Amino acid sequence: MIYNLTIVENIALIKEVHERMEIGEAQRVAMGYLRDISLEHIADKRVNECTLLEILIAMIIRAMMTREASILIEVSHTIVDSVHEIEALFTIIKSLQIQKSVQFLDLIDNQTYYEGYRCNIIK
Amino acid sequence: MLIRFIEYIGDKSIKRLLSVYEFFSFSYLCFVHILNPASYNPAMRMVLVKQIYFTTIGIIPLFITMALFFGSIVIGLVIILAAHYSLQGEIGSIIVTFVIDEFAPFFTALLIALRSGTAVNTEIAVMNVNRELNTLREYKIDLIDYLFLPRIISGVISLTALSILFAFIMLGSGYIFIFFYMSMDFYAYATLLIKAIEVYDLLLLFVKAAAFGVVSMLIPIYSGLKTENSYSAIPISVLNGMVKLFVALFFIEVVSLLIHLL
C-alpha cells in the first residue's frame, strides 16, 4: 500500500492508471466495494490508521481492480493477527463476490491455522 | 603499493563514470516520458496538481517575506554601490542584469532545493525502503509517469513562476531605494527598466529557472531511488542528494555567468 494515499485512493489508483478512469469515477467504484462489506469508514483513512485486517482487505479489493485472472495472497498468517481474523477474511472475500480465483499461499508451519476451515490445503 | 593505488583510482573512476552514465540515462528516460502524451493519466495529473500546490503555493508566504527582506537589502546595496561609483547612467541595466539574470532564479532555486528538494529526496527514499516502489512496480504502475514526472514538471513550473515573482518584488524594492536615494519618480524608474530590459534577459531567466527546476527535482529523485534498503540509509541518501544538487545548481550558475560574459 502507498502510505501517503488514503485507502480509497490506493484502491482507485489501479483503474486511474490502467484504464485511465477519471479520479472521481474510480473512487466511486472503490467506495462501492468498501460499502458492500460495510468498510466505508476506512475509505479516508491512511494505512497507518487501519487494522491489519482492514489493510489486507483493502489490498484484496485493490487486486480485484486489476485485469489479472487470479489473486495470490502470500503468507497471510504473518499479515493478520489471529485465526478469527482469517475467518472474517474468508467471509468478506465471499461477500465481495470476486470474479477471480483467490488463493492463499502459506507456510506448512501455519497449516494448523487453516484446518477446520472450508479450504483446500495443498502441499 | 603503486599498483594497488592505481587499481583503487581506476575502480573509483569507473564507478563514478557508471553512476554519471546511469543518471543521464535516467534523465533521458524521464525526458522521453515528458514528451509522451500517454504518461499524463488522471492519477499522474492529480499528483502534478498536488505537487504544484506544495512546491509553489505552500511556499509563497515564506517566499514573499524572504524576497521582501533579503531582496530589498541586496538591491539597496547594489543601488548604493552603483551611485557611489557614479554609475547612475547604467543603473537600469545593472538592476536588470543583477535581478532578472542572476539573483532571482538562483535565490529561488536555493529556496526550492532546500524546501522541496529535501522533501522529495526523503519521500522517494522512504517509499523505496518501505517497498512502496515495489508495490507500484508489481501493479505495473510506471514510476516515472506516476511519481517522477509530476515532481519534475512542478519543479520547472514553480521555479519559473517564483523566479518571476521574486524579480517583481526585488524590482519593487529597488524603486523604494531609488526614490529615497536618488529622488527618482516611478515613471522614470519604470522607463529606465523597460529601456534596459532585453528579450535575452527574459530568455535567460526562463531557461535558467527551467534548468534549476529540472535538477532541483531530478537529483533528489535519483538519490532517493538509489537508497539502500534500510531506514538508516535515508539520511545518507538525503545528504548525498543535497550535496549533488547544490553542486549542480552552482554549476548551472557558473555556466550561465560564463555565457553572459562571452
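Numerical summary
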| item | result |
| --- | --- |
| At most 15 other Cβ within 10 Å, DSSP loop - trypsin sites (Lys or Arg not before Pro), the stretch B:81-145 | B:R131, B:K140 |
| Extension gain, B:Y53 back to B:F251 (0.36 nm per residue minus Cα-Cα distance, nm) | 68.5 nm |
| Helical contribution to [θ] at 222 nm, DSSP H n ≥ 4, -39,500 (n - 2.57), averaged over chain A, rounded to 500 | -14000 deg cm²/dmol |
| Charge tally in the Cβ shell below 14 Å around B:L204, where Lys, Arg are +1 and Asp, Glu are -1, B:L204 excluded | -4 |
| Whole-number Å³ per residue for the convex hull built on Cα positions in the stretch A:60-105 | 68 |
| Value of [θ]222 nm, deg cm²/dmol, for chain B, DSSP H segments ≥ 4, -39500 (n - 2.57) each, nearest 500 | -25500 deg cm²/dmol |
| Within-14-Å neighbourhood charge of B:S256 [Cβ basis; K, R +1; D, E -1] | -3 |
| Vicinal HN-Hα couplings computed from phi for the stretch A:16-32 (Karplus, 6.51 cos²θ - 1.76 cosθ + 1.60; Hz; Gly/Pro x) | 4, 7, 7, 10, 6, 6, 4, 4, x, 5, 4, 6, 5, 4, 4, 5, x |
| Nonlocal amide H pairs with A:F104, under 5 Å, H built at 1.01 Å | A:I73 |
| Shape category assigned to the protein assembly as shown from the gyration tensor of Cα positions, a/c cut at 1.5 | prolate |
| Net charge dipole size for the stretch A:1-59 [Lys, Arg +1 and Asp, Glu -1 on Cβ; Debye, nearest 20] | 60 |
| ³J(HN,Hα) computed for each position of the stretch B:140-157 - Karplus, 6.51 cos²θ - 1.76 cosθ + 1.60, integer Hz, glycine/proline x | 6, 9, 5, 5, 5, 5, 7, 9, 8, 4, x, 6, 5, 5, 5, x, 5, 5 |
| Cα lying deepest toward the dipole's positive end in the protein assembly as shown, options A:I92, A:M31, B:V74, charges on Cβ | B:V74 |
| Sites excluded, GluC sites (Glu not before Pro) in DSSP loops with at most 14 other C-beta within 10 Å, longest stretch of chain B | B:1-197 |
| Ranked A:D106, A:D44, criterion: other C-beta atoms within 10 Å, fewest first | A:D44, A:D106 |
| Shape of the stretch B:122-262, Cα gyration tensor, a/c cut at 1.5 | prolate |
| Residues A:K15, B:K15 arranged by fewest to most Cβ contacts within 10 Å | B:K15, A:K15 |
| Neighbour-count ranking [beta-carbon atoms within 10 angstrom, fewest first] of B:V20, B:V129, B:V207 | B:V20, B:V207, B:V129 |
| Computed FRET value (nearest 0.05) for A:Q111 with B:E7, which takes r as the C-beta separation and R₀ as 45 Å | 0.25 |
| Separation of the B:L262 and B:S183 label points, Cα + 7 Å toward Cβ, nm | 4.7 |
| Size of electric dipole in the stretch B:119-262: Cβ of Lys, Arg +1 and of Asp, Glu -1, about Cα centre, debye, nearest 20 | 180 |
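No value in this document is a laboratory result; all are computed from the given coordinates. Computed from a prediction, not measured in an experiment: that's the story for all the values here. Positions of Cβ are generated from backbone atoms using ideal geometry, with glycine treated the same way; all protein chains shown enter the neighbour counts.
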